[in-house]
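The values are calculated or read from the model by the stated rules, or taken from the named source; none is laboratory data. Fair warning: this is a prediction, and the values are worked out from it, not measured in the lab. Here the Cβ is made from the backbone with ideal geometry for all residues, glycine too, and neighbour counts use every protein chain on show. Side chains are part of the model used for accessible areas, which takes the heavy atoms of the whole protein and leaves out ligands, DNA and RNA. Shrake-Rupley method; radii C 1.70, N 1.55, O 1.52, S 1.80 Å.
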Protein chains: 2
Amino acid sequence: MAAETSNALRSRYAIVLHGGAGGDPKKLPEDERTQIQAAMQQALSTGRALLACGGSALDAVERTIRILEDEPLLNAGRGAVFNSAGGHELDAAIMDGRTLACGAVAGVRTVKNPISLARAVMTGTRHVLLVGEGAEALARTLEFERVEPSYFSTDRQREKWERAKRLAADAARTGQPVAAWDDEHKGTVGCVALDRHGNLAAGTSTGGTNNKLPGRVSDTALIGAGTYADNATCGVSCTGTGEEFIRHGVAKDISTRMAYLRQPLDEAVTHVIEQTLRPNDGGVIAVSHDGTIAVRFNTPGMTWAAADEQARFEVGLGHE
Amino acid sequence: MAAETSNALRSRYAIVLHGGAGGDPKKLPEDERTQIQAAMQQALSTGRALLACGGSALDAVERTIRILEDEPLLNAGRGAVFNSAGGHELDAAIMDGRTLACGAVAGVRTVKNPISLARAVMTGTRHVLLVGEGAEALARTLEFERVEPSYFSTDRQREKWERAKRLAADAARTGQPVAAWDDEHKGTVGCVALDRHGNLAAGTSTGGTNNKLPGRVSDTALIGAGTYADNATCGVSCTGTGEEFIRHGVAKDISTRMAYLRQPLDEAVTHVIEQTLRPNDGGVIAVSHDGTIAVRFNTPGMTWAAADEQARFEVGLGHE
């Protein structure tokens, strides 16, 4: 592509992050809110600086997500939810809108930054998705930073897990469905970026859903469900009730609405959030090929942050 | 839906199966060709009889795929390819076009019929995709028939694995890409059915790609990539170079082309095979909501079979 082989950088760039949809982050304890806000801000600054200097969207996505994975108050990397066996299984995916190259991992247990392993699957294997021990083996081969499984554990997530187990036990006893838990701040993380070469990239990373069955793979790790990018349309990262995002192929559907129905990004995102998904299913961040940023959710809140080459530098807690 | 709650059965039904795209099945040794043909015929008879009696598309899909999984000359269940560690890891998915409910498993090592486990994920858990040990645990809980990993091994696949390893070693030595191996009959299996209640279902099952890395998940197991069904449009099962089907979300794209671009099934399938995928990537079977059957591939051959409530009862080896 001409823009890539020439040295002429466009002025336009854009980056948007999320730290998960779910309960209203404004209701979090103030110290937690401040800490999440600081992590989002740090990630956004890093990503923006990289894009401003002509760095690639893929690098911006990977580096910002690494920062969010390291933040223990977000459900990705350190601070991941517990599965029903009391362990952590991490999922991540990344996609290059220029080539449609993509890589993903699921069920990772000892890799500090799953998003980087997802990128290694994309660039270093002929596969798209590696899970469990196979993904761990690649991390060992590539000498990725690995940690004890307990590194991912936090008291906060352990309390949430205990609560989820109680709700599940209540449901089993009464025969009712598991009580909805709408005030939880879920904390999957993601990033979409447009770089000054005109290339889009998207990535997502998560610990999955609280008290999930071992081996459960989230939409995050599934190209087209929770993560998608195509220079011709947009990049998308999703967060919420993963199974609904898989069923409807939400991330790619936003791209397809732009391609087939000629919907602008905002219309495509709004349709999916308001019509395709059920209330309280989750949220989406996206950037179109022209640098338009979209943030939409149908939960009480969503943590997000956005910046572009103009003055915009914004961290959102709750509102769109 | 009215059609489901009333006892009035429509006359229309349709079923289509595949046993994989790849090399021309007409070039297989005659005894192998005869055996594959017999398995396809048996599966088709079973599925057609079930649908003729008013059975559900989901049951037809599961039962026919079980028969194909048990056939050692097809790459699903018994007769699965070897991964690079010399083991077998099986993937399967199933989807209900009436409700968009879906279930899938990947990296299964001891479950005789992965398609049935995929259905159990759909009906018995709140998840869509379970992999590895987590999927095995569900099979144990449900007392599914389990087998020694060696049950899946055949001499034929072991020879193909040895050949694939030699080609990979040659490629590593010369620095060239791994030589294409176009004459291989790959043998993923799938089924799409429309029942007399007007409901569509689709399913796919595979051992994956020869000499794959352990932990590699195929498009087969990914809803929207290798498997999709929606009563509003069509059901689809794919086979071929899985990573390309993931990247382009092929199964759902066929459905979306019908929904958004108002393309008839045949046009949607033809576009994907001729324009979206690369030559030799694979093939697709599909049934539209009105019972139209489509079989298309861009490989030298594909094994398939189709029947409907009219006289059609056809087993295809190679041609469309």
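Compute the helix-to-body angle for A:30-52: its Cα long axis versus the longest principal axis of chain A, expressed 0 to 90° and rounded to tens.
It is inclined by approximately 20 degrees.
Shielding by partners for B:82-90, please: the mean number of other protein chain Cβ atoms within 10 Å of each residue's Cβ.
Across the residues of B:82-90, the mean count of other-chain Cβ atoms within 10 Å is 1.
If you build the convex hull over the alpha carbons only and average its shadow over all orientations, what do you get for the protein assembly as shown? Give it in nm² to one decimal.
Mean orientational projected area (the protein assembly as shown, Cα hull): 27.0 nm².
May I ask for the percentage of alpha-carbon pairs in segment B:1-84 that lie more than 23 Å from each other?
34 percent
How large is the accessible surface per residue of chain B, computed with a 1.4 Å probe and reported in Å² as a whole number?
With all protein chains present, chain B gives 36 Å² per residue.
In nm to one decimal, list the spacings between the B:Thr141 label point and its equivalents in the other copies, with label points set 7 Å along Cα to Cβ, shortest first.
When each copy's label point is compared with this one, the spacings are 3.3 nm.
How long are the three semi-axes of the equivalent ellipsoid for chain B, computed from the Cα gyration tensor as the root of 5 times each eigenvalue, in whole Å, largest first?
Whole-Å semi-axes of the equivalent ellipsoid: 29, 22, 18.
FRET efficiency for A:Glu162 and A:Ala311, Cβ-Cβ distance as r, R0 = 35 Å, nearest 0.05?
Efficiency for this residue pair is about 0.20.
What is the Cα convex hull volume of segment B:183-246 when expressed per residue in Å³?
90 Å³
Just how many % of Cα pairs in segment A:30-130 lie over 21 Å apart, if you round to the nearest whole percent?
40 percent
Please average, across the residues of A:247-258, the number of beta carbons from any other chain that are within 10 Å of each residue's own beta carbon, and give a whole number.
Average neighbour count from other chains, rounded to a whole number: 4.
Using a 1.4 Å probe on the protein heavy atoms, what percent of the accessible area of segment A:239-320 belongs to carbon and sulfur?
Reported share for carbon and sulfur atoms: 46 percent.
What are the label-to-label distances in nm, one decimal and shortest first, from A:Arg312 to the same spot in the other copies, with labels 7 Å along Cα to Cβ?
Its label point is 5.0 nm from the equivalent points in the other copies.
Just to compare against my own numbers: the Cα pair-distance distribution for segment A:141-290, 5 Å bins, whole % per bin, please.
Spelled out per bin, shortest first, that is 2, 9, 16, 18, 17, 13, 11, 8, 5, 2, 0, 0.
Grab the beta carbon distance between A:Ser45 and A:Arg146, set R0 = 41 Å, and tell me the FRET efficiency rounded to 0.05.
Calculated value: 0.90.
How far, in nm to one decimal, is A:Ala49 from itself in the other copies if the label point is set 7 angstrom along Cα toward Cβ? Shortest first, please.
Nearest first, the other copies' label points are 7.1 nm away.
Among A:Lys27/A:Lys212; A:Lys212/B:Lys112; A:Lys27/A:Lys165; A:Lys165/A:Lys252; A:Lys252/B:Lys112; A:Lys165/B:Lys212, which pairs are too far apart, with a Cα-Cα distance over 31 Å?
A:Lys165/A:Lys252; A:Lys252/B:Lys112; A:Lys165/B:Lys212
Partner chain Cβ atoms within 10 Å, averaged over the residues of A:216-226 - can you pull that number for me?
That average works out to 6.
Using protein heavy atoms only (no ligands, DNA or RNA), what is the total accessible area buried between B and A, 1.4 Å probe, nearest 100 Å²?
Roughly 2900 Å² of accessible surface disappears when B and A pair.
Helix A:250-261 versus the longest principal axis of chain A: what angle, 0 to 90°, nearest 10, using Cα atoms?
Taking the Cα atoms of chain A, the angle to A:250-261 is about 40 degrees.
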